[in-house]
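The next block holds one structure in the form of structure tokens; read it before the comments.
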There are 2 protein chains.
Amino acid sequence: MPITIRDIARNLNLSIAAVSRALDGYPDISKETRQRVITAAREMGYVPNRAARQLRRQKSDAIGYILSSDTPRFASPFTSEFLSGLGDETALHPFDLLVSIAPPGADAEQAIYRTWVQSRKVDGFILDQVRTQDWRIRFLTEQSIPFVGLEHSKDGIDYPRVEVDNTASMAGLVAHLAESGFQRIAFIGGPDQLVISDERLAGYRQGLADRHMAYDPDLVQVSDQTSAGAYEAAKRLCCLPNPPDAIMCVNDETAFGVIHALHDLGLLVGKDVAVTGFDGVTTSAHSDPPLTTLDIPVYEVARKLVNMLAADLEHRSLPERRIVFTPGLLKRRSSGDSPS
Amino acid sequence: MPITIRDIARNLNLSIAAVSRALDGYPDISKETRQRVITAAREMGYVPNRAARQLRRQKSDAIGYILSSDTPRFASPFTSEFLSGLGDETALHPFDLLVSIAPPGADAEQAIYRTWVQSRKVDGFILDQVRTQDWRIRFLTEQSIPFVGLEHSKDGIDYPRVEVDNTASMAGLVAHLAESGFQRIAFIGGPDQLVISDERLAGYRQGLADRHMAYDPDLVQVSDQTSAGAYEAAKRLCCLPNPPDAIMCVNDETAFGVIHALHDLGLLVGKDVAVTGFDGVTTSAHSDPPLTTLDIPVYEVARKLVNMLAADLEHRSLPERRIVFTPGLLKRRSSGDSPS
DNA sequence: TATAATGCCTGAAACGTTTAAGTAGATCAA
DNA sequence: TTGATCTACTTAAACGTTTCAGGCATTATA
């Protein structure tokens, strides 16, 4: 039987209220009593019962992250780096991290968010894979549940968030490919509700325009951010009468699938066809060949998000409600650069 | 304000007890009443308050996984595949998954397990990175907290677990290297309290003995399962007066560090020096060159563990208290095999 | 000296469930 | 008719906290 506050009270001949207040540091308990309580608590190995505290305080001291079904898999390098940041940072705050997966289907996703909100399982949410129109953002705003997001939806709601400068950096990457001599540049995007798909595609188009290169709709494929999906998309591109000599991808995972497909087609990646990713996951440095990509510090981004949410939940004012990261261009062999 | 059982009771002119029992399916509620309750609950969007339920039932419906500080990082491929399995499988059960990280130091680790147990944060634990003498296993057994583990400690306690046939498979891998013509085989292990370090080293030694190859203690390095640590260990090995022509690693992460070091030393991996890993994480297929490794279905293993724990917590009897996986040998270019 | 203020503590209610124990009313056996 | 047995509920206590509203000394103020 775990020790309760009542045991301490009995031992010290105090009321449970006094013990509770002493532990919480209320000023109407004498210094001396507080000391006695604190040492007794430690000696007896007291740990507050979470459920009781939650029930009374009406909060859970937990933050939630629900993997969207748009996210390929729990195990994708992006997700794992992201989770890693979330986990490491939450550990530094008095919060728990609750992770789950939304079953596929919009209804199922709504159900799980609703349940978590209603059952007060968590006090706030971390959102990623934000969509241009995102019901989650409207829902949580309505319910006044704190949340932070990676990327900004177009719902016209201002929430604490981290953004990546997708458009400009993609345009820059187009320029890099063009300078390396690649002429016919394709793009494989993700599900098109996603903000990143939208913005990265926009950057691709802007990059082409900047260099006065023609935009060919045949060269734009929609995929699902998985390497399996990308494998198929790449094959479709290579079957075109006039196939591309460069394939830009919405994320690294997609790029890995493309590289795989090109290998299978006997094409030399970085020479016959350039490939680029987006995210700069650590494994991108170890692919064969190493992947040219736009590096976002995923781990840091995740930590920042937790930080923002924690500040919000603790009613500290946020230093910045909006943080913009500009990805760094990592030129590697997949776009023809010689090994460093 | 979320809907409570009390709101339903008021609406239907029933006692809260009746509503509670109706929802829980007790037989002393008439079919008809139960139906009314259930539909009302659905219509009103009732979701039970977890904290209240936990407090009353004295359980949390959550299972815990605390990353050991022996684990390199949240973001290692092994961990992420493992987490992925845990997450996917818990989602299929009426449990939450609570993940945290033990701060370094044995005391800090004890503190977090104690806190989780005492505060009843979770009903059971998943343990990995099991050590030959593992206080966690003794502690949880003492406290009668259910848990399952990956690998079996030598504490003489019988608990539900998944084991990998480390020794035999490592011995087999030695044979494969020897057959490929590698003569001087080194081994980089992990922290030596770990069961896997122990058993994989034993397998290495047995493999040498099987082929009547000499065991040279200089060729055995202890590292920390990270690629950074392995990088250093590999350099130490290569500086020996009589350096190895093959390096076997306790896990894939270690192998990645070794490959990196060999690249930097200008050695050709798979030709000058063979490298092998252990785990068969998905990224091992995409390293440069692809890694020869012993494949454990990490994802499946994690799911099995959750399954076992869930069965235990739900008082279903376990079909098997001990599951042994035999890793498959993936021969790839890092040990000299030509690309398939 | 009466009254107010202060310091330090207690009692009791509340959070939303679950569950043991109790109770009307109907049914049934003798 | 009496009492036993069911059925279908209700009452109330409990889980371990937090917190509101006092309350009793002691000290300060008028």
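Read-outs throughout are calculated quantities, based only on the coordinates presented, and are distinct from any laboratory measurement. As the structure is a prediction and not an experimental result, all values here were calculated from the model. Please note: Cβ atoms are built from the backbone with ideal geometry, for glycine as well, and neighbour counts cover all protein chains shown.
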Taking the beta-carbon count within 10 Å as an exposure proxy, list A:29, B:101 from fewest neighbours to most. A:29, B:101
Across B:283-290, the residue-averaged tally of Cβ atoms belonging to other chains within 10 Å stands at 4
Take A:239, B:249, B:238 and order them by how many other Cβ atoms sit within 10 Å, fewest up front. A:239, B:238, B:249
What do you get for trypsin sites (Lys or Arg not before Pro) in the range A:287-328 restricted to DSSP loop and a cutoff of at most 14 other Cβ within 10 Å of the site's Cβ? A:316, A:321
Hey, quick one: spin label on residue B:242, modelled 7 Å out along Cα-Cβ, who in the range B:156-198 has an amide N within reach, i.e. under 12 Å? B:184-185
Candidate lysines - alpha carbon under 18 Å from residue B:235, same-chain residues fewer than 8 apart omitted: B:271
Value of Rg to Rh for the range A:75-137 (Rh from inverse mean 1/r over Cα pairs, i.e. Kirkwood): 0.97
Which far-off residues, 5 or more places away or on another chain, put their amide H under 5 Å from the one on residue B:189, with H placed in the peptide plane? B:221, B:222, B:223
Between the modelled labels at residue B:143 and residue B:320 (7 Å from Cα along Cα→Cβ) the distance in nm is 3.0
Give me the distance between the Cα centres of the range B:17-44 and the range A:248-284, rounded to whole Å. 56
Give the long-range amide H neighbours of residue B:97: residues separated by 5 or more places, or on another chain, with amide H under 5 Å away, using H modelled in the peptide plane at 1.01 Å from N. A:99, B:63
Chain A: most fluctuating residue of A:282, A:33, A:90 per GNM, C-alpha cutoff 10 Å: A:33
Which of rounded, prolate, oblate describes the protein assembly as shown, given a ≥ b ≥ c as roots of the alpha-carbon gyration tensor eigenvalues and a/c under 1.5 marking rounded, otherwise prolate only if a/b is larger than b/c? oblate
If you take the beta carbon distance between residue B:232 and residue B:165 as r and set R0 to 25 Å, what does 1/(1 + (r/R0)^6) give as a FRET efficiency, to the nearest 0.05? 0.25
Förster radius 22 Å - calculated FRET efficiency between residue B:214 and residue B:271, Cβ distance, rounded to 0.05: 0.40
Quick one: if you stick a label point 7 Å off each Cα along the C-beta vector at residue B:206 and residue A:31, how many nm between them? 6.6
Amide H neighbours of residue B:273 at under 5 Å, excluding residues fewer than 5 places away on the same chain, with H built from the backbone geometry, are B:268
Please compute, for peptide A:29-39, the average count of beta-carbon atoms on other protein chains lying within 10 Å of each residue's beta-carbon. 0
Peptide-level mean, for A:42-51, of C-beta atoms on other protein chains within 10 Å: 5
